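Q: I am attaching a structure below and will ask some questions about it afterwards.
Bear in mind these aren't lab numbers, they're just calculated from the coordinates by the rules spelled out. As the structure is a prediction and not an experimental result, all values here were calculated from the model. Because the Cβ atoms are built from the backbone with ideal geometry, glycine has one as well, and the counts that use them run over all protein chains shown.
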Amino acid sequence: MRTALPLLSCSLLLLLSACSSSDSNNSSNSSATTGTTTQDESCPVVVKDADCDKTQRPFVFVHGTYGSGENFAHVAQLLESNGFCSDRIVGVEYDSLGDSPGNVCTDAGAKPGCGKIDDVINKVLADNPDFTQVDLAGHSQGTAHCGAYLSVPSQAAKVAHYINFSGVPDVGDVQTLSLSSQHDLGGSPHHATGKNVKTVTFTDQDHFAVAASTGSFVEVFKYLTGKAPTYTSVQCGEDPLFVEGIAETFADNTPVTGKIEVREVGTSPRGTEAPAISAVGDATGHFGPLQLKRNVAYEFKGFDSKGGVVGYQYFTPFKRTNRLIRLLTPSGITAVSSLTTDKFVKAPDQVGLVLQWAGGAFRQDLGARLTINGTEVLESDNAGEKAFSNGSLNGGVVAIFGSDYNKNAKTDLGLFDAAPFIALSDIYEQATTPAFIDFSFIAGTEDPNVVNETARVSNWPSDAGLVSLMFQ
């Protein structure tokens, strides 16, 4: 599950000061100093894609409601930092409001979206002919679709291991790791049933973090490899790196075609210099791979098929190749947009913010902190115990939508409204004069590795597109 990122792309500048890790044995992989060439101090460790373990099976992830393949990007980056191959970790995109991707398509009674999981598995196996099986994972609603897929013997035969992130499917005799938490939906764990199921129940992970957190990565890695990971934070890859993904609508995941402009974030807000890259997605919404510089901040500016600006998306600078990027536009389904993106105040004098963290939800109750221009914006009401008392948020605050909802030209915070996994909080940032907005994020005890991640984004007016920031 994930929250709405109501932009095709957004511009963001994250000024990460380092790509270093507190993990042990970092020096063993450090790039050496030779002659007058100095080591890149921001990357004491470089784990190259080219050196990945080619014996590891392909990995297929099935997202949940309001979700996409990007929900697995943090865990994928950690797997890749420990030797998994980035081009073998793929996501299944489907309409989370009505598709049945795990069902078999038949001539009679075929359900919408049927066969999508099997199509992805067949393709990744065809692309990797040395393998006859994949490792499959599902999150939330995705676990039900995976259960349906595994109920067909000919399909289950293509799966070596199944990873269940918060769900209750019957998986038969497939080797399964089931992860959930005491802080999961409804305040209770949700586990798969079957003949060969190993369960792990966390204490604090929210519903989203069950699939996205570093703790979940550790359990998945140990289960698949039989050993502990070397690194528990994302390590740098080669420079340059590549990003690719899909442009689609939020929740129903319909492909979007339109131009994407990618610019380095410069010294002036709302930069108008020529883009470093311009790209157009194909009919499926797929774009890339796009070659980018490691540890450099970029702005992604999205356009629709008619050339109109959709929005601006920023990520903290990429440390390594990422093939699970999702650039999302608002859903065309009124039942979704009326609860989410339609509630933004669209005006030329203020900014509309969409804030996310790839490794989990915002948890003020676990010590997370998020400042905007030096002002703390996380509180119990919008990201802590009071927020979780709202039924829409008891699975966690996967995103914060910041807008001047009461139109008084100041930040009042609180919980103006809530949608599934989305806290709408009163946050005012002016857009009358071009300026940068500075962010700092600490994840708290949910992930002690994430300390003082900083970012800078331009204050684009909300009537010209929303501004999205993803802490990676």
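Q: So what's the net charge close to T321: Lys and Arg +1, Asp and Glu -1, counting the other residues with Cβ under 13 Å from its Cβ?
A: The answer is 0.
Q: Along the Cα→Cβ direction, 7 angstrom out, place labels at T254 and T65. What is the inter-label distance in nm?
A: 2.1
Q: Using only the alpha carbons of the chain, what is the convex hull's orientation-averaged projected area in square nanometres?
A: Over every viewing direction, the Cα hull of the chain projects on average to 21.8 nm².
Q: Let me ask you something else. Which length gain, in nm to one decimal place, applies between K123 and T225 when the Cα-Cα distance is subtracted from 0.36 nm times their residue separation?
A: Values: separation 102, 0.36 × 102 = 36.72 nm, distance 2.39 nm.
Length gained, K123 through T225: 34.3 nm.
Q: On a full-extension model of 0.36 nm per residue, what is the gain between D342 and V152, subtracting their alpha-carbon distance, rounded to one decimal in nm?
A: 64.3 nm
Q: Order these by the 10 Å Cβ neighbour count, fewest first: W357, W460.
A: Working: W357 29, W460 24.
Least to most surrounded, the residues fall as W460, W357.
Q: Another question about this same structure. Considering the options G64, L413, I246, tell which one lies farthest towards the positive end of the dipole of the chain, charges being +1 on Lys and Arg and -1 on Asp and Glu at the Cβ, about the Cα centre.
A: It is I246, whose Cα lies furthest towards the positive end.
Q: Another question, then. For a quick protection proxy, order the peptides 437-447, 125-135 by their average other-Cβ count within 10 Å, most packed first.
A: Numbers: 437-447: 19.9, 125-135: 14.2.
Result, highest mean first: 437-447, 125-135.
Q: Before rounding to the nearest 500, sum -39500 (n - 2.57) across all DSSP H runs of length at least 4 in the chain and divide by the residue total; then give [θ] at 222 nm in deg cm²/dmol.
A: -3500 deg cm²/dmol
Q: Set the Förster radius R0 to 51 Å, insert the Cβ-Cβ distance between T272 and T199 as r into 1/(1 + (r/R0)^6), and round the FRET efficiency to 0.05.
A: 0.40
Q: Continuing with this model, one more query. At 7 Å along the Cα-to-beta-carbon direction for both E379 and A110, put a label point, then send me their distance in nm to one decimal.
A: Going by the 7 Å Cα→Cβ label model, 5.3 nm.
Q: Putting +1 on Lys and Arg Cβ atoms and -1 on Asp and Glu Cβ atoms, find which of L424, S458, T225 reaches farthest to the positive end of the dipole of the chain.
A: Final value for the positive-end residue is T225.
Q: Show me, for region 227-233, the HN-Hα J-couplings you get by feeding each phi into the Karplus relation (A = 6.51, B = -1.76, C = 1.60, θ = phi - 60°), rounded to Hz, glycine and proline as x.
A: With coefficients 6.51, -1.76 and 1.60, one gets 8, 7, x, 6, 10, 10, 9 Hz.
Q: Still on this model: For the chain, what relative contact order do you get, as a whole percent, if you take Cα pairs closer than 8 Å and at least 6 residues apart?
A: With pairs under 8 Å counted, the relative contact order is 20 percent.
Q: Dipole magnitude of the chain about its Cα centre, charges +1 at Lys/Arg Cβ and -1 at Asp/Glu Cβ only, in debye to the nearest 20?
A: Details: 32 positive and 52 negative charges, 81 e Å.
Using only the charged Cβ atoms, the result is roughly 400 debye.
Q: Right, something else. Compute the Kirkwood hydrodynamic radius of region 281-421, taking the inverse of the mean of 1/r over all pairs of distinct Cα atoms, and give it in Å to one decimal.
A: With all distinct Cα pairs of region 281-421 included, I get 17.2 Å.
Q: Evaluate the charge dipole of region 219-258 about its Cα centre and quote only its size in Debye, nearest 20, assuming +1 on the Cβ of each Lys and Arg and -1 on the Cβ of each Asp and Glu. Present the calculation step by step, with values, prior to reporting the outcome.
A: Working: 2 positive and 6 negative charges, 65 e Å.
Using Cβ point charges on Lys, Arg, Asp and Glu, region 219-258 gives about 320 debye.
Q: Which of C43, C52, C236, C105 comes first, and how do the rest follow, when ranked by fewest Cβ neighbours within 10 Å? It would help to have the intermediate numbers written out before the result.
A: Details: C43 22, C52 19, C236 26, C105 14.
The fewest-first ordering by Cβ neighbours comes to C105, C52, C43, C236.
Q: Let me ask something additional. What does the charge dipole of region 323-411 about its Cα centre add up to, to the nearest 20 debye, if the Cβ of each Lys and Arg holds +1 and the Cβ of each Asp and Glu holds -1?
A: Numbers: 9 positive and 8 negative charges, 59 e Å.
It works out to roughly 280 debye.
Q: Rank by packing, highest mean first: peptides 420-426, 65-71, with packing defined as the count of other Cβ atoms within 10 Å averaged across residues.
A: 65-71, 420-426
Q: Still on this structure: Please name which of H161, G186, H207 has its Cα lying farthest along the dipole of region 48-225 towards the positive end, using unit charges on Cβ (Lys, Arg +1; Asp, Glu -1) and the Cα centre as origin.
A: Of the candidates, H161 comes out farthest on the positive side.
Q: Give me the mean projected area, in nm² to one decimal, of the convex hull enclosing the Cα positions of region 48-225.
A: 9.7
Q: Enumerate the lysines that K195 could reach by cross-link, defined here as Cα to Cα under 29 Å, with residues fewer than 8 away along the same chain left out.
A: K111, K116, K123, K158, K222, K227
Q: Please rank H63, H145, fewest neighbouring Cβ atoms within 10 Å first, as an exposure proxy.
A: On the way: H63 30, H145 26.
Starting with the residue having the fewest Cβ neighbours, the order is H145, H63.
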